[in-house]
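To start, the structure under review is shown below, and the notes come after it.
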């Protein structure tokens, strides 16, 4: 009651209504308050339309995407290879896949594996494994059955979203007169929402696309992280960074990633929010 009294003295009525609603919302939250969730990702870059990349280019593209698409209040984890096995096998059979077929492959291979993990949560509730010891022992057992570690299993169970990067166009042009090479890239992210509960599912929620262009001088030494690279590799890296920055902006504009958090502390005229 003292908390409400001090709030009334310091905040106008309009603000008071919001604060009271936030406090009531906090009382309704489960013990432990804010639960930090995670985002999972595939370790494979999907190529659409017959695009061919070298191993170095694929690695650089994935690295810049993973670095750019980071939201501080989430943890980020790669999906275990065991979970991705059938997904990768199906992809290796497609040399020229379009986006529609790509989504179908994900739904037929990757999604069922994720749902199998989410079903473990149902088993935990059904068996009434309420203690931490019981729950951990059960997860260790299920992890051995699934061929992954208990930590990896926990990460998937705690995932709220999954993203899958793809590249759909790669063009390189060498201008001898200007002594430069230009690279243009098109690609994006497929975003999926992981929904736990009695009927767990994985829903596709967005396809984000972007482009990036970059040029590098062919008569100058180029370096990436202190290591010398060819001009085209440098131009590819620059174009990938531009594309990734655009995807970062588009990701943060998605409704599920816009910052919405309850008020957890009021001190004088300062209001604190949990950001994970």
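The values are calculated or read from the model by the stated rules, or taken from the named source; none is laboratory data. Treat the numbers as computed from the prediction; the structure is a model and nothing was measured. Every residue, glycine among them, receives a Cβ derived from its backbone with ideal geometry; neighbour counts consider all protein chains shown.
Overview of values
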{"item": "Boolean, residue 111 is farther than 26 Å from residue 185 by Cα, modelled with pLDDT of 85 or more, in a helix (DSSP H, G or I) and assigned by TED's automatic domain parsing to the domain that holds residue 243", "result": "yes"}
{"item": "For residue 148: the one exception among (1) outside any helix (DSSP H, G or I); (2) more than 29 Å from residue 244 (Cα to Cα); (3) without any contact (Cβ under 8 Å) to a residue 24 or more places away in the chain", "result": "(3)"}
{"item": "Residue match in segment 156-169 (condition: surrounded by 13 or more Cβ atoms within 10 Å (Cβ to Cβ), free of Cβ contacts under 8 Å to residues at least 24 places away in the same chain and part of a helix (DSSP H, G or I))", "result": "no"}
{"item": "Filter result (within 21 Å of the chain's Cα centre (by Cα) and surrounded by 19 or more Cβ atoms within 10 Å (Cβ to Cβ)) within segment 119-150", "result": "148"}
{"item": "Hey, residue 181 buried (at least 18 other Cβ atoms within 10 Å of the Cβ), modelled with pLDDT of 95 or more and farther than 24 Å from residue 76 by Cα or not", "result": "yes"}
{"item": "Which listed residue is surrounded by fewer than 16 Cβ atoms within 10 Å (Cβ to Cβ), assigned by TED's automatic domain parsing to the domain that holds residue 165 and modelled with pLDDT of 50 or more, from 42, 47, 67", "result": "67"}
{"item": "Residues satisfying the stated conditions in segment 99-118, i.e. over 30 Å from residue 49 (Cβ atoms) and either crowded, with 16+ Cβ neighbours inside 10 Å or in contact with a helix residue (DSSP H, G or I) (Cβ under 6 Å, 6 or more places away or on another chain) (or both)", "result": "117, 118"}
{"item": "Selection from segment 83-94 of residues that are under 20 Å from the mean Cα position of the chain (by Cα) and in contact (Cβ under 8 Å) with a residue 12 or more places away in the chain", "result": "83, 84, 87, 88"}
{"item": "From the options 220, 211, residue that is assigned to a loop (DSSP other than H, G, I, E, B) and either in contact with a helix residue (DSSP H, G or I) (Cβ under 8 Å, 6 or more places away or on another chain) or not assigned by TED's automatic domain parsing to the domain that holds residue 58 (or both)", "result": "220"}
{"item": "Pair list, Cβ < 8 Å and 6+ apart or interchain, from segment 95-124 residues that are over 21 Å from residue 198 (Cα atoms) to residues that are at pLDDT below 85 and part of a helix (DSSP H, G or I)", "result": "97/91; 105/91"}
